[in-house]
Amino acid sequence: MSTKKSAQLLKKAARVIPGGVNSPVRAFKAVGGAPLFISKAKGSRIYDADGNEYIDYIGSWGPMIVGHAHPKVTSAIKKAADRGTSYGAPTGLEITLAEETLKAFPSMEMVRFVSSGTEAAMSAIRLARAYTKRDNIIKFDGCYHGHADSLLVKAGSGAATFGVPDSPGVPADLAKHTFNAVYNDLDSVRAIFEETGGNIACVIVEGAPGNMGVVLPEPGFLGGLSTLCKQYGALLIMDEVMSGFRLCYGGAQKVYNVAPDVTCLGKVIGGGLPVGAFGARRGIMEMLSPSGPVYQAGTLSGNPIAMTAGIETLKLLQGKGLYERLLKTTATLCDGIREIGERRGVACAVNVAGSMFTVFFTDGKVANYDDAKTSDRARFSKWFGRMLKAGVYLPPSQFEAVFVGLAHSKDDIGHTLEAADKAMKGL
Ligand SMILES: *Cc1c(COP(=O)(O)O)cnc(C)c1O
């Protein structure tokens, strides 16, 4: 398998783009390799510049849940493009996607569209600070909410992968308003509320974290957060940018039956185009400009092509029995990997949340970021490299989620498990 062209492209890219990539997780730095440059993708498959074919389990880091280049989505995008690509004025498409979003997430009465998950989380925090007239926020070690200054404190995803969770360039004056708690540990949250005399605007939490690898909320954890927030007059922001349409149609808040005050969405909601969203009950959302004083804006927000891709993707996802099938496919894959690990004597914890999962190479359970960090990252790199060679494209970091989609066939799963069996041998 030659990857000569990818290597050449990386060299060229690195001259004009820092690290040769436009988002750090795309680099294969954590696994000691060079990223593949992609030329096309279709269904469950992705193809690199050298023409190698892989079964894709990154799915653009979540959005491609119905598979790459789904004919319904691409044909709608083409038609939309013919009507013009951006107007900087409202369209009916925004109403359609907004109504669909509110139907899926009854905790929201209004929603605003932005162009990324980062923007959604950043704006949600601003709104919570304005609503409560407080500055401090609580987030969890290993949770990632995009790269806004307040949220880059002990963050997950690329920040965890590269060991720079506290980025230079974030003013200390701002970082001091971010308090970090331990995921699945309500006492650690309660302690911060008490320490700060309840001066907390919001608790922001991933619905089901995928950015320290997949970690599941333990029974009572999300509900406990909601109770604590109510008790202290803080808002609970559930960041469902990743989990929103990945656990079920309606996200972690539906699965765990917890209604947050504010919800952030992204990834799947844009069907592979740049869309983010945040929403809440009317009284909170009407504080936003131009209804209220809290400023938030975007030249390309609600872009007609992006809205179209989102609308078509959500339409497809409502097909009968699809999530059942998706979760079953994911379970088959995860059960298979667990069985292989046991048989091959490779200690691993496989955490699954809906259609996302992570194989942590550690022997204990993984319920928070400290647990995740006990994983053997050298072993992960080897696993990643072997899988890639066998044509299975996994996220290049121990601290990321693997994304299963509706395009993954029985054959894909079979081939992946065969590859996993060989990859775990002598790992
Ligand atoms: C991906 C992600 C974000 C950031 O979204 P971008 O579109 O990359 O800015 C925020 N929160 C969570 C939970 C995410 O998974």
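Out of Ala69, Ala34, which single residue is among the aliphatic types (A, V, I, L, M) and in contact with a strand residue (DSSP E or B) (Cβ under 8 Å, 6 or more places away or on another chain)? On inspection, the qualifying residue turns out to be Ala69. Residue count for the range 255-290, restricted to those that are more than 16 Å from the ligand (Cβ to nearest atom) and surrounded by fewer than 19 Cβ atoms within 10 Å (Cβ to Cβ): 9. Applying the condition of being modelled with pLDDT of 95 or more, loosely packed, with under 15 Cβ neighbours inside 10 Å and of a type outside the set (A, V, I, L, M) to the range 167-195 and asking which residue is farthest from the chain's Cα centre (by Cα) yields Glu194. Of all residues in the range 371-391, those satisfying the criterion of being surrounded by fewer than 23 Cβ atoms within 10 Å (Cβ to Cβ) and within 20 Å of the chain's Cα centre (by Cα) are Asp371, Lys373. Select from the range 237-247 the residues that are more than 10 Å from the ligand (Cβ to nearest atom) and within 14 Å of the chain's Cα centre (by Cα) and write down the one among them that is surrounded by the most Cβ atoms within 10 Å (Cβ to Cβ). Looking at the filtered set, the residue picked out is Phe245. Candidates are the residues of the range 340-355 that are of a type in the set (Gly, Ala, Ser) and part of a loop (DSSP other than H, G, I, E, B); the one that is surrounded by the most Cβ atoms within 10 Å (Cβ to Cβ) is Ser355.
Within the range 379-392, is there a residue that is assigned to a loop (DSSP other than H, G, I, E, B) and at pLDDT 95 or above? The answer is yes; a qualifying residue exists. Annotation: Gly62 fulfils all but one of (1) closer than 27 Å to Gly270 by Cα; (2) more than 16 Å from the ligand (Cβ to nearest atom); the unmet one is (2). Any idea which of (1) without any contact (Cβ under 8 Å) to a residue 40 or more places away in the chain; (2) among the polar types (S, T, N, Q); (3) more than 30 Å from Pro304 (Cα to Cα) is the one Ser75 doesn't satisfy? Exception for Ser75: condition (3).
Scanning the range 397-420 for residues that are surrounded by 17 or more Cβ atoms within 10 Å (Cβ to Cβ) and over 20 Å from Arg246 (Cα atoms) gives Thr416, Leu417, Ala419, Ala420. Looking only at residues in the range 212-236 that are touching a Ser or Thr at 6+ places or on another chain (Cβ under 7 Å) and more than 16 Å from Ser355 (Cβ to Cβ), the one that is farthest from the ligand (Cβ to nearest atom) is Gly233.
Quick one: in the range 104-121, of everything that is within 16 Å of the ligand (Cβ to nearest atom) and either exposed (fewer than 12 other Cβ atoms within 10 Å of the Cβ) or assigned to a loop (DSSP other than H, G, I, E, B) (or both), which residue is farthest from the chain's Cα centre (by Cα)? Looking at the filtered set, the residue picked out is Phe105. Scanning the range 133-151 for residues that are more than 15 Å from the ligand (Cβ to nearest atom) and surrounded by 20 or more Cβ atoms within 10 Å (Cβ to Cβ) yields Arg134, Asn136, Ile138. Scanning the range 312-339 for residues that are among the small types (Gly, Ala, Ser) and within 27 Å of Lys78 (Cβ to Cβ) yields a single hit, Gly319.
Among residues of the range 205-240 being touching an Asp or Glu at 6+ places or on another chain (Cβ under 6 Å) and at pLDDT 95 or above, the one that is farthest from Val182 (Cα to Cα) is Leu235. On the given criteria, is Phe28 of a type in the set (Phe, Trp, Tyr) and in contact (Cβ under 8 Å) with a residue 40 or more places away in the chain? Spelling it out, Phe28 is indeed of a type in the set (Phe, Trp, Tyr) and in contact (Cβ under 8 Å) with a residue 40 or more places away in the chain.
The values are calculated or read from the model by the stated rules, or taken from the named source; none is laboratory data. What you are looking at is a predicted structure, and each value in this text was computed from that prediction instead of being measured. For neighbour counting, all protein chains shown are included, and Cβ atoms are generated from backbone atoms with ideal geometry for every residue, glycine included.
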